[in-house]
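Taking it in order: structure first as structure tokens, then the write-up.
Rule-based calculations on the coordinates, nothing more; no lab input. None of the values given here were measured: they were computed from a predicted structure. Glycine gets a Cβ as well: all are built from the backbone with ideal geometry, and neighbour counts include every protein chain shown.
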Amino acid sequence: MFDQLSDRLRETLRRVRGQARLTEDNIATAMREVRIALLEADVALPVVKAFIAQVRERALGADVMQSVTPGQMVVKIVHEELVAIMGESNDVLKLTARPPAVVLVAGLQGAGKTTTVAKLAQWLKQREHKKILLATTDIYRPAAIDQLKTLADMIDVDFFPASTDQDPVTIARNAIDHARRSGIDVVLMDSAGRLHVDARMMTEIRAVHAAVDPVETLFVVDSMTGQDAVNSATAFDEALPLTGIILTKTDGDARGGAALSIRHVTGKPIKFLGTGEKLNALEAFHPDRVASRILGMGDVLTLVEEVQQKVDKGKAEKLAKKIAKGKRFDLDDFREQIMQMEKMGGIASLVEKLPGMSGLPNHVMDQVDDRQIRRTVAIINSMTPGERANPTIIRGSRKRRIAAGSGTEVPEVNRLLKQFTQMQKMMKKMRKGGGMANLLAGMKGRRPGLPY
Amino acid sequence: MPPLFRNTKKTENKLKSSPPGPSNLRERLSKTRNALTRGLSGLFRGSETLDPSLFEDLEDLLVSADLGVGPSTKIIDHLRDVSQRQNLNSAGDLIAAIREEMTVILEPCGKSLPFDGRPYVMLIVGVNGVGKTTTIAKITHWLLQQERTVMLAAGDTYRAAAVEQLTRWGERLQVPVISQGQDADAAAVAHDALVSARARSTDVLMIDTAGRQHTQSDLMNQLIKIKRVLNKLDPEAPHEIVQVLDAGTGQNALSQLQHFHQAVQVDSLCLTKLDGTAKGGILLAIADKFALPVRFIGVGEGPDDLRPFNTAQFIDALLPDAESLQRPGAPA
């Protein structure tokens, strides 16, 4: 996500970076480039203008002239201003109300409200162990109610049944009554997609809001939205007391300028990013991290948190103990590690978050292929337990059998065995050097700073 | 039974008082138009002569309508060019010059469906949430009015309840829907549907597909497979791969189209949700880069709010009247 904006800014700033000092002239050149980049990233024009004005003013200020390399200063200013526009802090849902706490989502058609509601349910269930009820007031789109019910079953949370001949306000009220009686902590209330210029539908959502009195009213918006994002966000913000924004579909290559625009015009915090179709593809929004990502500085903090969330702790500890005891790292362990990696969203998603990696050319990124993981697992699955424990016994005819069994070729089996040997060596070194803990500690300590 | 489309009653009333056509489309796109009119009026700033320095403001205006930096620059360059040869000294001249350039850019868009095959197989593709299924329902409604027989195939086997959504549309519109339920192989559904459409000698078969981010290569490969499977049954099929685009989408629409085009060769477009304040300007950016016909535009939620695309009407609806610019400061 945000790939092309970051490419563009980096290219521009590289030119400034090469120069000895910042003059009014070369700032103007850089700012023109930044302006085009932001417009092409779908940042709304008024927001672009405000942004450029702020950056230019600060770049020409005294603090720039005092700095050793002016280029560093411009990068820093652009970064800081991006953070400033997107908000200062990471907000989470405030659910401190007398239960049931109600969360209402609203937005245009096709923004991804229903999927987002299911993702939030999964998030609150897993991380905060809340008892959740899903309800929807979408009586218009065919099968919208079925869709939410299916999702509720998938994540195993309660669902409030409704039918299309009921009134949205009545459904909403009944859902809250039901939640109160059944000891529900949080009610997540989905709504029909609506255009901000549809007066009747905007009146309806206001009525639903008044009936359920939510603690959080979230505006769900597609990250691919263009210049019109400011209009729809403003209209929803005027109609409803919004408490936050959720930006969806950030797993595509949208440059995500809408995030900047909406934040700027509504002043409401962006709370979450939708990052994929799976129900765990939801990330907390950290303005500083996303700004870093825009500038190609990586997102190590998100990565560390994801590792902590998704890696199966029991298995990781078992492996750590095994290695600490001086036991051999075998192919079963290797497979386990590979599968953990896939759980975290695959190699491509990991690489994207590492500092400097977004600077890799696209053809290199194309070679980072998650299918390779599945092929590797298939190869290991085709081995006997004896072979996995002691791979040195794998010779010619065994290799041919494994290749045939996994639908691969012998050279691929060879490549895997070589990789494994290297990894085994690394594990040995780690054991001598103090183990996994040191490695992770080093990673945590490394904040995404300025790589110049 | 629930209404066929939301606001059906309202739309019927509206249709009675003003028949569909240019004036109606104009009205539908009035939100876009008003914003442009206000902007253009402002550019004259009370004087009757166009100040060359105002070109920059005009470019901003076009960019704000999602035309993109490229096409906007192209139009402004054209205006500069014209202004050197002749004096652009009224709003009318300015509008005429913009219209001229927009017509050139949109020239390849105005072609209607050829229906040169039977069943005429249309594969409907697009990213998540652009309105594929609703558009299929609206096109079906339109085709039925043209007295063609239609069959639908529930190829979105991924999203929860997507099959039910299309099935309900089939019930309401009384057309057969071929489906195999959730998580079935989309290519198998498409295969069965084509066999069935042939057996019943249906005129048009429309195949729904799951919304997919254009950057996910495995999902794009699934589309290639659907195309290949249809191709084996009928070398001409699918006759038309239609990509649905949301009018609210910004410059990312170009990337979407590029990726889908690379994977399966998109034949035509449908632009949805033009009834909000979203500027249809992205269409100019698209037309500038890909010379693809635009079959339909969606301008509302009523059943008749899907219109065959017409270049002149579209520009008419997008651009302000020259008269409304003659009196600068007058309410737009």
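Please rank B:Trp142, B:Trp169, fewest neighbouring Cβ atoms within 10 Å first, as an exposure proxy. If you can, show how the numbers build up before the last one.
Details: B:Trp142 18, B:Trp169 25.
Starting with the residue having the fewest Cβ neighbours, the order is B:Trp142, B:Trp169.
Here the 3J(HN,Hα) profile of region A:137-151, calculated from phi with Karplus coefficients 6.51, -1.76 and 1.60 at θ = phi - 60°, is 10, 7, 9, 9, 5, x, 6, 5, 5, 4, 4, 5, 5, 4, 5 Hz, Gly and Pro shown as x. For region A:162-298, the alpha-carbon coordinates run over 49, 34, 24 Å along the three principal axes, in decreasing order.
Considering only Cα-Cα distances, which of the following residue pairs are longer than 21 Å: A:Lys94/A:Lys130; A:Lys321/A:Lys425; A:Lys278/A:Lys321? From the list (A:Lys94/A:Lys130; A:Lys321/A:Lys425; A:Lys278/A:Lys321), the Cα-Cα distance tops 21 Å for A:Lys278/A:Lys321.
The H on the amide N of A:Asp158, modeled in the peptide plane, is under 5 Å from the matching H of A:Ile132, A:Leu134, each at least 5 residues off or on a different chain. Loop-resident trypsin sites (Lys or Arg not before Pro) (DSSP state other than H, G, I, E or B) in region A:76-130 with no more than 14 further Cβ atoms inside 10 Å of their Cβ: A:Lys94. Spacing of the modelled spin labels on A:Thr421 and A:Arg200, each 7 Å from Cα toward Cβ, amounts to 7.4 nm.
Sorting B:Asp183, A:Asp222, A:Asp332, B:Asp305 from the fewest to the most surrounding beta carbons within 10 angstrom yields B:Asp183, A:Asp332, B:Asp305, A:Asp222.
Residues of A:247-254, mean number of Cβ from any other protein chain within 10 Å of their own Cβ, rounded to a whole number?
So the per-residue partner count for this stretch is 5.
Here the spin labels are modelled as points 7 Å beyond Cα on the Cα-Cβ line, and at B:Ser217 and A:Asn390 they lie 3.9 nm apart. Remark: for residue pairs A:Lys49/A:Lys113; A:Lys249/A:Lys271; A:Lys131/A:Lys318; A:Lys113/A:Lys271, the C-alpha separation exceeds 23 Å in A:Lys49/A:Lys113; A:Lys131/A:Lys318. Given H placed 1.01 Å from N in the peptide plane, which residues other than close sequence neighbours of B:Gln251 have an amide H under 5 Å from its amide H? Placed amide hydrogens put A:Asp42 under 5 Å from B:Gln251. The A:Arg374 and A:Ile36 beta-carbon pair, evaluated with R₀ = 45 Å, returns a calculated FRET efficiency of approximately 0.65. Counted by neighbouring Cβ atoms within 10 Å, the residues A:Met224, A:Met201, A:Met426, B:Met102 run from fewest to most as A:Met426, A:Met201, B:Met102, A:Met224.
Hey, if you drop one equal point scatterer on each alpha-carbon of region B:137-296 and run the Debye formula without solvent, what base-10 log of I(q)/I(0) do you get at q = 0.15 Å⁻¹? Relative scattering, expressed as log10 I(q)/I(0), comes to -0.87. Extending 7 Å from Cα along the Cβ direction at A:Arg180 and again at B:Glu100 yields two label points whose distance is 6.9 nm. Using θ = phi - 60° in the Karplus curve 6.51 cos²θ - 1.76 cosθ + 1.60, the 3J(HN,Hα) couplings for region B:239-253 round to 5, 8, 9, 9, 9, 8, 10, 7, 4, x, 5, x, 5, 5, 4 Hz; x is entered for Gly and Pro.
Between amide H atoms placed 1.01 Å from N, distances below 5 Å from A:Gly244 occur with A:Thr217, A:Phe219, all of them 5 or more places distant or on a separate chain. Among beta bridges identified by DSSP and lying wholly in region A:101-297, the antiparallel ones come to about 10 percent.
Counting Cβ atoms of other protein chains within 10 Å of each residue's Cβ and taking the mean over peptide A:141-150 gives 6.
Among A:399-405, A:46-52, sorting by the average number of other beta carbon atoms lying within 10 angstrom of each residue, highest first, gives A:46-52, A:399-405.
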